[in-house]
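Notes follow the structure.
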Amino acid sequence: MQQPNLSRYIPMSRRRRIYEGKAKILYEGPEPGTLIQHFKDDATAYNARKKDVIDGKGVLNNRISEHIFNHLNEMGIPTHFIRRLNMREQLIREVEIIPLEVVVRNVAAGSLAKRLGLEEGTQLPRSIIEFYYKNDELEDPLVTEEHITAFGWATPQELDDIMALAVRVNDFLAGLFLGVGIRLVDFKMECGRLWENDLMRVVVADEISPDSARLWDIKTDDKEAKVLDKDRFRRDLGGLLEAYQEVARRLGIMPEQERPIVSGPTLVQS
Ligand code: TMP
């Protein structure tokens, strides 16, 4: 794959903003077919009914997601990721986002535990893939393969590709985190259609970070202390930045002395 040249780097002030989401902004990239993905510090939950700004979160998610996507690319799992550009931004390939949140679960937690009355922390008999239709007004409802193909959000072939990608990403991530003492409870990924000439393939897009995964410290039994992901924010546990820093430190991507610039009060881990 040809690497886009960055000599056409456009200063932030002159960039065209393509899309702004809850935690990220997409700008036009330096080459046709590329975009710049900018990670904000905004934290939202419950369809943005709960909001805050956590200084340094975007920097950590940029680094953690870069680490994961680099590994996926190296393993031949196709993604939109090209390279990290700076503390908050990465260069990505422009894809057409498939309007599904693909959730892979290994352990009962969150909405699955609630929906089916399962005790949080119960190992599932096998990994389970769920689909949610990306629609803020409808609050991202759970949908089945029937809905997805009947309404044309993805074709049956694309769904097969998405499920195969989800299984491979889950196997890789579970092993990566297990190696650093973290249990991958569940995670959300998004996929996009990438066109190369007349050929289209489905690739992993968006981000994979502690914002979009449940990560529990293996050695800690305490239900709150073990949480190293965005549930610290959702459940008002505090210490979100410290938890994300711990994930980055264990993955070997954020040396001790290189801390995101934090202004204002920092949250103290309970
Ligand atoms: P859930 O248990 O709330 O359905 O979440 C499952 C996983 O998906 C969890 O790791 C958090 C992630 N997730 C997102 O990244 N974005 C979302 O909007 C939701 C609802 C969940």
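The values are calculated or read from the model by the stated rules, or taken from the named source; none is laboratory data. Here the structure is a predicted model, which means the values were calculated and not measured. Neighbour counts are summed over all protein chains in view; Cβ atoms, including those assigned to glycine, are modelled from backbone coordinates with ideal geometry. Just so you know, the surface numbers come from the protein's heavy atoms only, side chains and all, with ligands and any DNA or RNA stripped out. Shrake-Rupley method; radii C 1.70, N 1.55, O 1.52, S 1.80 Å.
Some observations on this one:
Residues are listed down the side, and each one gets a yes or a no for (1) farther than 21 Å from residue 130 by Cβ; (2) within 11 Å of the ligand (Cβ to nearest atom); (3) of a type outside the set (Gly, Ala, Ser); (4) within 14 Å of the chain's Cα centre (by Cα):
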site	(1), (2), (3), (4)
196	yes, no, yes, no
199	yes, no, yes, no
206	no, yes, yes, yes
225	yes, no, no, no
233	yes, no, yes, no
239	yes, no, no, no
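- You will find that of 137, 158, the residue that is under 30 Å from residue 27 (Cβ atoms), among the acidic types (Asp, Glu) and surrounded by 18 or more Cβ atoms within 10 Å (Cβ to Cβ) is 158 and no other.
Condition check ((1) modelled with pLDDT of 95 or more; (2) surrounded by fewer than 22 Cβ atoms within 10 Å (Cβ to Cβ); (3) touching a Leu at 6+ places or on another chain (Cβ under 7 Å)) across all residues:
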residue	(1), (2), (3)
204	yes, no, yes
212	yes, yes, no
220	yes, yes, no
232	yes, no, yes
239	yes, yes, yes
256	no, yes, no
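- Among residues of segment 153-177 that are free of Cβ contacts under 8 Å to residues at least 40 places away in the same chain, those with a beta-carbon under 8 Å from a residue that is of a type in the set (Ser, Thr, Tyr) at least six positions away or on a different chain give the pairs 155/149; 156/149; 159/149.
- For segment 85-101, the candidate set comprises residues that are under 23 Å from residue 135 (Cα atoms) and assigned to a loop (DSSP other than H, G, I, E, B); within that set, the residue that is nearest to the ligand (Cβ to nearest atom) is 99.
- Subset of segment 102-120 that is more than 10 Å from the ligand (Cβ to nearest atom) and over 20 Å from residue 174 (Cα atoms) - its residue that is surrounded by the most Cβ atoms within 10 Å (Cβ to Cβ): 118
- Inter-residue pairs, beta-carbon under 8 Å, first closer than 22 Å to residue 229 by Cα and in segment 110-139, second open to solvent by 80 Å² or more (accessible area, probe 1.4 Å) and part of a helix (DSSP H, G or I), 6+ apart: 131/145
- Looking only at segment 125-134, and only at residues there that are part of a strand (DSSP E or B) and open to solvent by 20 Å² or more (accessible area, probe 1.4 Å), the one that is farthest from residue 25 (Cα to Cα): 125
- Residue-level analysis places residue 93 outside the set of residues that are more than 21 Å from residue 244 (Cα to Cα), exposed (fewer than 14 other Cβ atoms within 10 Å of the Cβ) and of a type in the set (Lys, Arg).
- Condition check for residue 185: more than 13 Å from the ligand (Cβ to nearest atom), among the hydrophobic types (A, V, I, L, M, F, W, C) and in contact (Cβ under 8 Å) with a residue 12 or more places away in the chain: no
- Looking across segment 45-86, just one residue is acidic (Asp, Glu) and closer than 22 Å to residue 136 by Cα, and that is 52.
- Count of segment 12-66 residues which are open to solvent by 30 Å² or more (accessible area, probe 1.4 Å), farther than 23 Å from residue 243 by Cα and in contact with a helix residue (DSSP H, G or I) (Cβ under 7 Å, 6 or more places away or on another chain): 1
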